[in-house]
1. What tally of residues in the range 80-98 results from selecting those that are out of contact with any strand residue (DSSP E or B) (no Cβ under 9 Å at 6 or more places or on another chain) and closer than 14 Å to residue 258 by Cβ?
2. Looking only at residues that are aromatic (Phe, Trp, Tyr) and closer than 12 Å to residue 24 by Cβ in the range 250-272, which one is surrounded by the fewest Cβ atoms within 10 Å (Cβ to Cβ)?
3. Please indicate, with yes or no, whether at least one residue in the range 70-81 is in contact with an Asp or Glu (Cβ under 8 Å, 6 or more places away or on another chain), farther than 22 Å from residue 292 by Cβ and not in a helix (DSSP H, G or I).
4. What about residue 293, is it modelled with pLDDT of 95 or more, among the hydroxyl-bearing types (Ser, Thr, Tyr) and either within 16 Å of residue 20 (Cα to Cα) or out of contact with any His (no Cβ under 6 Å at 6 or more places or on another chain) (or both)?
5. Given the conditions (1) assigned to a helix (DSSP H, G or I); (2) modelled with pLDDT of 80 or more, report the number of the one that residue 202 does not fulfil.
6. If a residue has to be closer than 15 Å to residue 290 by Cβ, of a type in the set (Val, Ile, Thr) and modelled with pLDDT of 90 or more to count, how many in the range 11-65 make the cut?
7. Looking at the range 66-80, which of the residues that are of a type outside the set (A, V, I, L, M, F, W, C) and within 23 Å of residue 155 (Cα to Cα) is modelled with the highest pLDDT?
Amino acid sequence: MLASRKLEIDTLRGLACILLVSYHVIGSSSTQGMRIDSGVLRDINDVFIYIRMPLFSFLSGLIYGMRPLKSNFIPFLKKKTARLLYPMLTVGTLFALLQFYVPGTNRETINFWLVHIIPVGHYWFLEAIFLVFCLVTLFEFFNLLNSYLTSVFILVLSIVIYLLGVDVNYLSLDGFFYLLPFFLFGMMNSRFPSAMQKMSTVSLAILVSYGLSLYFDFDDRALRIGIGFSFCFTLFLLKIKMKWLSYIGVYSFSIYLFHVFFTASSRIFLNYFDVLNTSLVFMVGLTAGIAGSIVIDKLLSSNSWMTHYVLGR
């Protein structure tokens, strides 16, 4: 099953990478990235905030569901520690140092005593998804995810907890509760492949979000669930296969780790030479973020220490 669907999964990974790199090229606000506060790029960037990280988490769950954990729980968590936390500590710390000391970057006040206890930039995802794997391992130990009905109950519970809000940034706990519903939804699409079950699950998630939003102030959390589930589910059903996107998707983890170094440096370089054309700055930043990360992956892969502690392999 995994081999037959690798192309379409990598295609979605490639799409998620483009959305992510575009986000950091443009910037999360008018004080970040390209520092634009209006226009088509700003509007698109703001819309896709409901899709980027949910798609990454959905794909993680989808792949996990194809090769689920049955035993050997401790070795599994050791592998996830190496895969996720080692790169977070090496690349994430380097990012924090450069962001703090290099002029022209989006400088932030960083308490280096709490680095990674308070998540650094977009590397919060690595901490959050690691916690997701820890919880899923616990669920698997007690065989709670082998039943569709039990899985639906856990999914709905995770949605409700996220909607009610967990405002704890330490160790990316808030990110953990944000990613968990999408991971579980992806896993269920692999583990319980009936189209009727999938459709009822996504409908249930949206109805729960909408119903609770009538009685509570969720800001945009209900939108994140509704749009995120709908978009991920639609992409999964379309089964898009594009070789150039799948090639990017193969390097999705390295692109996630390194793209910010290239998007920022390309922007600083262009600004130095007074290149201010918005479309050009965007395309150069997007290309640099993706291509540069792939080159770094190929270079570091020749060294076993770098492969293990930086690339997490």
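The values are calculated or read from the model by the stated rules, or taken from the named source; none is laboratory data. All of these numbers come straight from a predicted model, not from anything done at the bench. Here Cβ is always computed from backbone atoms with ideal geometry, including for glycine, and neighbour counts include all displayed protein chains.
1. 7
2. 261
3. yes
4. Taking the combined requirement at face value, the residue satisfies it.
5. (2)
6. Residues that pass the stated criteria total 3.
7. 80
To keep it simple, each residue is scored yes or no on (1) among the polar types (S, T, N, Q); (2) over 26 Å from residue 6 (Cα atoms); (3) under 20 Å from the mean Cα position of the chain (by Cα); (4) part of a loop (DSSP other than H, G, I, E, B).
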{"position": "249", "(1), (2), (3), (4)": "no, no, yes, no"}
{"position": "258", "(1), (2), (3), (4)": "no, no, yes, no"}
{"position": "268", "(1), (2), (3), (4)": "no, yes, no, no"}
{"position": "283", "(1), (2), (3), (4)": "no, yes, no, no"}
{"position": "289", "(1), (2), (3), (4)": "no, no, yes, no"}
{"position": "298", "(1), (2), (3), (4)": "no, no, no, no"}
